[in-house]
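Novice: Below you will find the structure I want to go over with you.
The values are calculated or read from the model by the stated rules, or taken from the named source; none is laboratory data. None of these values were measured; they are calculated from a predicted model. Because the Cβ atoms are built from the backbone with ideal geometry, glycine has one as well, and the counts that use them run over all protein chains shown. Side chains are part of the model used for accessible areas, which takes the heavy atoms of the whole protein and leaves out ligands, DNA and RNA. Shrake-Rupley method; radii C 1.70, N 1.55, O 1.52, S 1.80 Å.
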Amino acid sequence: QVQLVESGGGSVQAGGSLRLSCAASGRTFSSYAMGWFRQAPGKEREFAAAISRFGANTYYADSVKGRFTISRDNVKNTVYLKMNSLEPEDTAVYYCAAARTAGARASSEYDYWGQGTQVTVSS
């Protein structure tokens, strides 16, 4: 079992930045690849970014590539999502999740989920 807790969400103006954190507890953090998803009001949950078990490989949705950076610290059992150049379209609840497969983009491939953190970007 893995417990995931996100933090770092908030309200920011367009063009601003935020860094989300996801702290993991339970089974060995480095056993899992990690991902960030987001869900905007009235829309389905969508993939944003993922990182392999030891951080060697990262994966991004086209909509965030070049603006978002995923990273992890296996000593602190934490995965991060640094978001720059935020746009109103980035407004969503952001979730971190843990998977056995690196680079997974489908939510069904993730075994554990956090409760989410709200990000609101105003124009």
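Novice: Which members of the stretch 30-55 meet the condition of being of a type in the set (A, V, I, L, M, F, W, C), open to solvent by less than 10 Å² (accessible area, probe 1.4 Å) and out of contact with any helix residue (DSSP H, G or I) (no Cβ under 7 Å at 6 or more places or on another chain)? Give the derivation first.
Specialist: From the stretch 30-55, those of a type in the set (A, V, I, L, M, F, W, C) are 33-34, 36-37, 40, 47-51, 54; that's our starting set.
Those left that are additionally open to solvent by less than 10 Å² (accessible area, probe 1.4 Å): 33-34, 36-37, 48-51.
Across the stretch 30-55, the qualifying residues are Ala33, Met34, Trp36, Ala48, Ala49, Ala50, Ile51.
Novice: Got at least one residue in the stretch 86-98 being over 15 Å from Gly10 (Cα atoms), surrounded by 15 or more Cβ atoms within 10 Å (Cβ to Cβ) and not aliphatic (A, V, I, L, M)?
Specialist: Taking the stretch 86-98 as the starting set, the residues that turn out to be over 15 Å from Gly10 (Cα atoms) are 96-98.
Going one step further and asking which of them are surrounded by 15 or more Cβ atoms within 10 Å (Cβ to Cβ), we end up with 96-98.
Then keep just the ones that are not aliphatic (A, V, I, L, M); that gives 96.
Looking for residues that are over 15 Å from Gly10 (Cα atoms), surrounded by 15 or more Cβ atoms within 10 Å (Cβ to Cβ) and not aliphatic (A, V, I, L, M), one finds at least one in the stretch 86-98, hence yes.
Novice: May I pose another question? Looking at the stretch 83-101, which of its residues are more than 9 Å from Gly35 (Cα to Cα) and not charged (D, E, K, R)?
Specialist: Filtering the stretch 83-101 down to residues more than 9 Å from Gly35 (Cα to Cα) leaves 83-94, 100-101.
The answer is Met83, Asn84, Ser85, Leu86, Pro88, Thr91, Ala92, Val93, Tyr94, Thr101.
Novice: Collect the residues in the stretch 61-82 that are of a type in the set (Val, Ile, Thr), modelled with pLDDT of 95 or more and farther than 12 Å from Phe37 by Cα, keeping them in residue-number order. Write out each step before concluding.
Specialist: Keep residues of the stretch 61-82 that are of a type in the set (Val, Ile, Thr), which gives 64, 69-70, 75, 78-79.
Subsequent filtering for residues that are modelled with pLDDT of 95 or more retains 64, 69-70, 78-79.
Across the stretch 61-82, the qualifying residues are Thr69, Thr78, Val79.
Novice: If we keep just the residues of the stretch 8-29 that are more than 26 Å from Ser122 (Cβ to Cβ) and at pLDDT 95 or above, which is least open to solvent (accessible area, probe 1.4 Å)?
Specialist: Ala24
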